[in-house]
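A quick write-up on the structure given underneath.
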Amino acid sequence: MARIKRVLVAGGAGFLGSHLCELLINRGHDVICLDNFFTSQKSNVEHLLSRPNFELIRHDVTVPISLEVDEIYNLACPAAPGHYQYNPIKTMKTSLLGAINLLELARECRATILQASTSEVYGDPEVHPQREDYRGAVSTLGPRACYDEGKRAAETLFMDFSRMYGVKIRIARIFNTYGPKMHPFDGRVVSNFIRQALANEPITIFGDGSQTRSFCYYSDLLDGLVRLMENEQDFVGPVNIGNPGEFTILELGKLVWEILGKEARFIFKPLPVDDPTRRQPDITLAREKLGWNPKVQLREGLLRTIEWFREIELDDFRAPTPNY
Ligand code: NAD
Ligand code: UDP
């Protein structure tokens, strides 16, 4: 039987974090969810509150915390462009101070710590698909830099805590992930398109919709994160976790309309500054080192996500910022 561990999930009330808490609770671990609820709300983990092996702490990772844990997943950071750009200085602080504080905690209690890094470390890539040894093309000056550069610096901090203090680290570079429990007002492409199409509003395409993204279903992503955390070879990464199926944004929009069986309607808006033109993970490393392969393809994942969006009441959700 697997050993029961005390696991801290920072950012545990968010989209990925709340699913991760549930998965770890179901595996029998003692789970502490820590969150400041900036881009989430307590209702995401409400169903877990009665579980004896679950605990919820309202806390901001920019402030140190002392706990006794065996593993730490650092997911605490706003992830949607509109919300991370709302207070860019805070976003940078969350990445940097959050990484430092949680790495110090890992050092103190000899925990293994995993960083939820991102494909944004590749910026607007000149290399396609993106492999982990590609160093990226990121603007230090643009509106996405608070997030991209914050995540890049966090990777550096992880490597330096590992080299200086022997902290056991893991770095996952997550590509666009979607699924049930995405915040309906997070402004990301999948949630916007589904919300708009269900309301019979035209879907907003930024630019001409020819930019691409590769969409990973949340359950595949979590499987990759847990494999990385628990791998016994102490494989650190960085490792891409994403689904290599690449789609233009216009194709995604058409697919949403097609699944709903409605006539496609679009409105075109200006492309945001520094919006990456293409994204596709090379997942050779994840396959080799973790035996990981995504299973849920886009149509199936969208179907399940749409089902969830049909069930929720939008009035139950507080928009994190006006930018969605
Ligand atoms: P999310 O916004 O739903 O979750 C982030 C959580 O972190 C929220 O609950 C938020 O309230 C919390 N948080 C933000 N700032 C905090 C702070 N200072 N202190 C404590 N908690 C704080 O986003 P998500 O999609 O679940 O993303 C989770 C992590 O994965 C993020 O770090 C994100 O950068 C990373 N990631 C996600 C994707 C994706 O496509 N979903 C892609 C790449 C990387
Ligand atoms: N996008 C869009 N309409 C929207 C939201 C996003 O066309 O309502 C585009 C956006 O410009 C980007 C892609 O969809 O090219 C993915 O955007 P998202 O914010 O989901 O993630 P990221 O840009 O961080 O990959």
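General observations
- Of Lys254/Lys289; Lys5/Lys42; Lys151/Lys269; Lys151/Lys254; Lys42/Lys289, those spanning more than 26 Å from alpha-carbon to alpha-carbon: Lys254/Lys289; Lys151/Lys269; Lys151/Lys254; Lys42/Lys289
- The order of the peptides 248-259, 184-195 by mean Cβ neighbours within 10 Å, most packed first, is 184-195, 248-259.
- Anisotropy class of the stretch 233-290 from Cα gyration tensor, a/c 1.5 cut: oblate
- Sequence-distant residues sharing a close amide H with Gly123 (under 5 Å, placed H): Ala137
- Checking every one of the chymotrypsin sites (Phe, Trp or Tyr not before Pro) in the stretch 273-314 against DSSP loop status and a limit of 11 other Cβ atoms within 10 Å picks out no site at all.
- Residue-by-residue Karplus 3J(HN,Hα) for the stretch 292-305, coefficients 6.51, -1.76, 1.60, Hz, glycine and proline x: 9, 8, x, 10, 8, 8, 4, 4, 5, x, 5, 4, 5, 5
- Among Phe309, Pro180, Leu8 - extreme Cα towards positive end, dipole of the chain, charges at beta-carbon: Leu8
- From phi via Karplus (6.51, -1.76, 1.60), per-residue ³J(HN,Hα) for the stretch 275-290 in Hz, x at Gly/Pro: 5, x, 7, 7, 8, 7, x, 8, 10, 3, 5, 5, 5, 5, 7, 10
- For Gln130, the residues 5 or more places off, or on other chains, whose built amide H falls under 5 Å of its own are Gln280, Asp282.
- Loop GluC sites (Glu not before Pro), the stretch 58-143, which have at most 15 other Cβ atoms in a 10 Å radius of their Cβ (DSSP): Glu68, Glu126
- The GluC sites (Glu not before Pro) of the stretch 215-248 that meet both conditions, a loop assignment by DSSP and at most 16 other Cβ atoms within 10 Å of the site Cβ, are Glu232.
- Here Trp308 and Lys93 are evaluated by their C-beta separation; at R0 = 22 Å the FRET efficiency comes out at 0.10.
- Extension gain for Phe235 to Thr284 (0.36 nm times residue separation, less C-alpha to C-alpha distance): 16.2 nm.
- Each residue of the stretch 151-165 was assigned a 3J(HN,Hα) from its phi angle through the Karplus curve 6.51 cos²θ - 1.76 cosθ + 1.60 (θ = phi - 60°); the sequence is 5, 5, 5, 5, 4, 4, 4, 4, 5, 6, 5, 5, 5, 7, 10 Hz, with glycine and proline shown as x.
- Modelled spin labels at Ile4 and Leu198, positioned 7 Å past Cα toward Cβ, are 3.7 nm from each other.
Values quoted throughout were computed directly from the atomic coordinates according to the rules given, and no laboratory measurement underlies them. It should be emphasised that the depicted structure is a prediction, and the values quoted were computed from it without experimental measurement. Ideal geometry is used to build each Cβ from the backbone, glycine not excepted, and the neighbour counts take in all protein chains shown.
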